[in-house]
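Have a look at the structure below before the remarks.
Just so you know, all these numbers are worked out from the coordinates, no wet-lab data involved. The structure presented is a predicted model; accordingly, all values stated were derived computationally and were not measured. Virtual Cβ from ideal backbone geometry, glycine too; neighbours counted across all protein chains shown.
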Amino acid sequence: MSFDVQREKIKEICKGLLESGQVETVIGYTEGGIEGMRIPYIFGKPEEAAALEWDVRCAPNLCKYLLEMKNKKVGIVAKPCDVRGIVHYLVESQLIRENIYIIGMDCAGMEDVDGDKLPGCVECNIKRPPIFDVRVENREVSDEVGPGKDAAEKLAGDLDKFKKEMDKCILCFSCRQSCYGCYCKVCFMDRGVPNWQPAAPDAGAKMVYHLGRAMHLSGRCIECGACERVCASGVNVRYLIQEVTGFVEKIYDYRTGLDVDTSPVMASYKFDDREVGFVGGDADE
Ligand code: SF4
Ligand code: SF4
Ligand code: SF4
């Protein structure tokens, strides 16, 4: 089933959901963005489903909108990475499963205006939604779940690479705003006490922000690539988060957003948890 066939199927499903009253609101995509990028589309009338779009330009992750509608019955058109975000919100007790109707999309990958695959989509190997209420199939998409990204690049220890990326950063926080996982009401960077933000975005403040964010995303990154995609300065610090993600998978056998019945790795403790990385802890084999 191609994007075109999937699009017609979504319209039919969303119209039916609103007509039957099963949901009050639907979140999907419609046209209107720059250079053909699809934009979020939130609507509540059955006839409005006709304006839904679904193609290689539906990159924005929509799951964060659900946090604004926790007590409503909402249908959401969700790519596998969006569904992983929903699963992780559920394990973090941020959403009520019964209130969400997941229209899970098989996803062949999103592209930029030149037809190149977007960051995240290049490495993505979870192309089918891990959970759904209805799945909109694309037979061209593999149903295998591949392993997480091997942290083989070992770039995290490369200070020169890190400094080079920091030089480009203007501390605009778009990467934080676009990330499903950054939903604290007040980010640590915006707190007055202690004040992490100097008047000028100096190297120290940038390092605190990016290292702090990487730690806050440990065991929580859904590998969507949004943080890299939205950066107008071309900064790539996603490799840091990828290394943390690879580490968590290797040491704790945990991959984010695949199972609603597994507690978040950083909020569960076992007597035999390995303590790799601590002084006197286990060796990382
Ligand atoms: S990261 Fe995977 S699921 Fe998400 S848009 Fe890209 S290909 Fe689709
Ligand atoms: S990495 Fe890019 S998006 Fe993130 S704060 Fe720096 S300039 Fe902004
Ligand atoms: S850190 Fe980046 S890749 Fe990971 S979930 Fe957030 S936006 Fe997506």
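Just report the Cα centroid separation between segment 105-120 and segment 218-269, whole Å.
Measuring centre to centre over Cα atoms gives 20 Å.
Got a sec? Charge dipole of the chain, +1 on Cβ for Lys and Arg, -1 for Asp and Glu; which of Pro130, Val5, Thr30 is way out at the positive end?
After comparing all options, I get Thr30.
Can you list residues from other chains, or at least 5 along the same chain, whose modelled amide H is less than 5 Å from the amide H of Gly75?
Glu24, Thr25, Val26, Ile27, Tyr101
So how tilted is helix 80-91 from the main axis of the chain? Cα-based, degrees 0 to 90, rounded to 10.
It is inclined by approximately 70 degrees.
Between Met266, Ser178, Gly192, whose Cα lies farthest towards the positive end of the dipole of segment 151-267 when Lys and Arg beta carbons carry +1 and Asp and Glu beta carbons carry -1, centred on the Cα centre?
My answer, from the dipole projection, is Gly192.
Taking the Cα centre of the chain as the origin, how large is its charge dipole in debye, to the nearest 20, when only Lys and Arg (+1) and Asp and Glu (-1) carry charge on their Cβ atoms?
Rounded to the nearest 20 debye, it is 800 debye.
What are the residues whose amide H is under 5 Å from the amide H of Thr30, where those residues sit 5 or more places off or on another chain and H is modelled from the backbone?
HN-HN under 5 Å from Thr30: Ile39, Tyr41, Glu53.
Dipole of segment 3-136, Cα-centred, from +1 at each Lys and Arg C-beta and -1 at each Asp and Glu C-beta, to the nearest 20 debye?
520
Could you tell me which Cys residues in the chain have no other cysteine's Cβ under 4.7 Å from their own Cβ, answering none if every one has a partner?
Isolated Cys, the chain: Cys14, Cys58, Cys63, Cys107, Cys121, Cys124, Cys169, Cys172, Cys184, Cys187, Cys221, Cys231.
Using only the C-alpha atoms of segment 151-267, find the volume of their convex hull and express it per residue in Å³.
Spelled out: Cα convex hull of segment 151-267, divided by residues, is 116 Å³.
Loop-only GluC sites (Glu not before Pro) in segment 77-146, please: DSSP not H, G, I, E or B, and at most 14 other Cβ atoms within 10 Å.
Sparse-neighbourhood loop GluC sites (Glu not before Pro): Glu92, Glu123, Glu140, Glu144.
Provide, for q = 0.11 Å⁻¹, the log10 of I(q)/I(0) from a solvent-free Debye sum over equal Cα point scatterers in the chain.
-0.68
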